[in-house]
Amino acid sequence: MKKQNESAQAAGFADVLVGLQYGDEGKAKIIDLLADGYDCIARFNGGANAGHTIETSRGRVALKQVPSAVFHDGTRLYVGSGCVVDAAKLVDELAMLAGLGIDVHGRLSLAARAALVQPHHVVIDKVRFGLIGTTKNGIGAAYADRALRMDGDRLVSLRVGDLIEDPEAVLAMVRRNLEATLALHREVDCDVDAELAKLRAAVAVIRPYVEPDALYLTNLVRSGGRVLFEGAQSTALDVAQGTVPFVTSSHTVAAAAFVGGDLSAKYHRKTIGVAKAIMSRVGSGPFVSEYGGERSEVYCDKTVDGQVAHTSAYEAKLDVAAELSSDDAFHVGRGLRILSGEYGTGTKRPRRIGMFDLVQLRRAVLLNGVDELYITKCDLLHHYASTKDNALPLVTGYQDGGQPIDYEPTAEVSHRRVSPVVTRLPAPSHASESAEVGVEIRKWVEVVEQTVECRVAGIGTGPARDAIQLFEQTAES
Ligand code: IMP
């Protein structure tokens, strides 16, 4: 018994950080804030579909597969077996980081059991998943093939470790998979040899990072290591809990961290949730609090000759004051998007904009077991003073056919029928210029805490790396 207690004391722990809305909540900024308190930041889901943007002294950097703590020297970075790895894109990302003077040798570890995103996955994503509005990185097809394992005598799912241990056999199988897919999609223009060459070149680059031992994190934690799991995508995009089918293809909720991150859940300490004060969503699917509803969804999705129609450059020419003060919710959303710069990091798509939805947030807090909450982009809330209502809207209830409901419907058709019940609070007349947050934002935070039953640990007060107002934990909170 004594021995057990001693080993429990010596062990470290794992915290989990997840997004609570539709992704792009600013998780990377919070990880950047917290990273020094951890020895390792670990990814457990997703792949190059993530677009974690960090403001650094060297400018804005967009990470895709490398964990967000890359700018914290000495912090280890782990990519768990629950991720899908695009080796060629990873090579590009490592080169980008090297160009910034960041060397991840000895810090980055890739789980050998993580599935590879193969070129045929990207082809399938491009030709078959259009209606979902995916990021076109082959993520869904890679996860689907991981579950499928084989198609006849073809191994459709291959892993990072396979590529390193037996590159020639893997490259031959990757070629067969690609050719089989292209035979079904003759309209696709794809240079098979070039795709294979990119993957072949990636083998030598990623080899030093591949970690064959599934107990890598376990050993780290057992020797006192502190781990932070970094969620990619977010709760409303979870493959089961989200607005199916308009979701990503992995589990994004906190509990998944321990499966995809290769660690026993007994080391869990706390869960941190991140939400954004002005909500956004990329891609299609229900979004109860969206400004302009379906009109906004169609507008944001529009492409002309395969190019995004309503880019930031297009919208920058609009009269933002007129948009914001419009009677028409579609225009208010567009004004807020322009002012908050909500455009996809990778895809450049305009993000759909919505009111802060406390019904959805409370459910996400409970589903993930969130212990503390960070809310980003609160500095933008003062723009609500320029709307017709001159008020901060909060969605505090849902209605279906005039009847209150306290859940998110499962079926898309029912979900799209839901209308928000909106509570309005006084808007701050200007952005907080100092660390001191104004009375209106304090009141807003208080209402959020009470409604979602979770402590707000900090709020984002500007784009700069350190623009975060932290709130002391009191005895009651
Ligand atoms: P996929 O993950 O590329 O298959 O895309 C599925 C859905 O998830 C699409 O609606 C994407 O726009 C969305 N999605 C995927 N990754 C992210 C992300 O990092 N932020 C926001 N949305 C995402």
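List of remarks:
- Segment 223-238: number of residues that are within 16 Å of Arg281 (Cα to Cα) and either among the hydroxyl-bearing types (Ser, Thr, Tyr) or surrounded by fewer than 24 Cβ atoms within 10 Å (Cβ to Cβ) (or both): 2
- So Lys317, is it of a type in the set (Lys, Arg) and more than 16 Å from the ligand (Cβ to nearest atom): yes
- Filtered residues of segment 235-279 (kept if within 15 Å of the ligand (Cβ to nearest atom) and of a type in the set (Ser, Thr, Tyr)): Thr235, Thr243, Thr248, Ser249, Ser250, Thr252
- Residue count for segment 256-270 under the criterion of being in contact (Cβ under 8 Å) with a residue 12 or more places away in the chain, surrounded by fewer than 23 Cβ atoms within 10 Å (Cβ to Cβ) and touching a helix residue (DSSP H, G or I) at 6+ places or on another chain (Cβ under 9 Å): the result is 5.
- Residue within segment 343-353 that is loosely packed, with under 15 Cβ neighbours inside 10 Å, assigned by TED's automatic domain parsing to the domain that holds Gly306, of a type outside the set (Val, Ile, Thr) and part of a loop (DSSP other than H, G, I, E, B) present: yes
- Single unsatisfied condition, Asn219 versus (1) part of a helix (DSSP H, G or I); (2) open to solvent by less than 60 Å² (accessible area, probe 1.4 Å); (3) under 30 Å from Arg269 (Cα atoms): (2)
Residues checked against (1) away from the ligand (no atom under 16 Å from the Cβ); (2) over 28 Å from Asp189 (Cα atoms); (3) not assigned by TED's automatic domain parsing to the domain that holds Ala62:
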position: Gly101; (1), (2), (3): yes, yes, no
position: Val122; (1), (2), (3): no, no, yes
position: Gly130; (1), (2), (3): no, no, yes
position: Gly133; (1), (2), (3): no, no, yes
position: Tyr143; (1), (2), (3): no, no, yes
position: Val160; (1), (2), (3): yes, no, yes
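- Only strands (runs of 3 or more DSSP E) whose full extent lies in segment 366-475 are considered here, and the ones with at least 3 residues that are surrounded by 17 or more Cβ atoms within 10 Å (Cβ to Cβ) are 372-376, 391-400, 455-460.
- Selection within segment 271-307 - open to solvent by less than 20 Å² (accessible area, probe 1.4 Å), more than 30 Å from Asn219 (Cβ to Cβ), among the hydroxyl-bearing types (Ser, Thr, Tyr) and touching a Leu at 6+ places or on another chain (Cβ under 8 Å): Ser284
- Answer residue from segment 321-342, given it is within 16 Å of the ligand (Cβ to nearest atom) and part of a helix (DSSP H, G or I) and is farthest from His310 (Cα to Cα) among those: Ser340
- For Leu178, the criteria (1) open to solvent by less than 30 Å² (accessible area, probe 1.4 Å); (2) at pLDDT below 95; (3) not basic (Lys, Arg) hold in every case but one, which is (2).
- Figure legend. Inter-residue proximity from segment 391-413: first residues free of Cβ contacts under 8 Å to residues at least 12 places away in the same chain, second residues among the aromatic types (Phe, Trp, Tyr), beta-carbon distance below 9 Å, spacing 6+ or different chains. Indicated pairs: Pro409/Tyr398.
- Scope segment 38-59; condition within 16 Å of the ligand (Cβ to nearest atom) and charged (D, E, K, R); matching residues: Arg43
- Cross-chain or 6+ apart pairs with Cβ under 8 Å, segment 42-63 first and surrounded by fewer than 17 Cβ atoms within 10 Å (Cβ to Cβ), then aromatic (Phe, Trp, Tyr): Thr56/Phe71
- Residue list for segment 90-127, restricted to those being open to solvent by less than 20 Å² (accessible area, probe 1.4 Å), of a type in the set (D, E, K, R) and touching a helix residue (DSSP H, G or I) at 6+ places or on another chain (Cβ under 9 Å): Asp125
- Of everything listed in (1) of a type outside the set (S, T, N, Q); (2) open to solvent by 10 Å² or more (accessible area, probe 1.4 Å); (3) within 14 Å of the ligand (Cβ to nearest atom), the single unmet condition for Arg76 is (3).
- Checked against the criterion of being within 16 Å of the ligand (Cβ to nearest atom) and open to solvent by 30 Å² or more (accessible area, probe 1.4 Å), segment 194-212 contains not a single residue that satisfies it.
- Test for Gly82: is it of a type outside the set (A, V, I, L, M, F, W, C), in contact with a Cys (Cβ under 8 Å, 6 or more places away or on another chain) and modelled with pLDDT of 95 or more: no
- Yes/no for Gly354 being modelled with pLDDT under 95 and within 14 Å of the ligand (Cβ to nearest atom): no
The values are calculated or read from the model by the stated rules, or taken from the named source; none is laboratory data. Everything numeric in this text was worked out from a predicted model, so none of it was measured. Quick reminder, even Gly has a Cβ in these numbers, built from the backbone with ideal geometry, and neighbours come from all protein chains shown. Side chains are part of the model used for accessible areas, which takes the heavy atoms of the whole protein and leaves out ligands, DNA and RNA. Shrake-Rupley method; radii C 1.70, N 1.55, O 1.52, S 1.80 Å.
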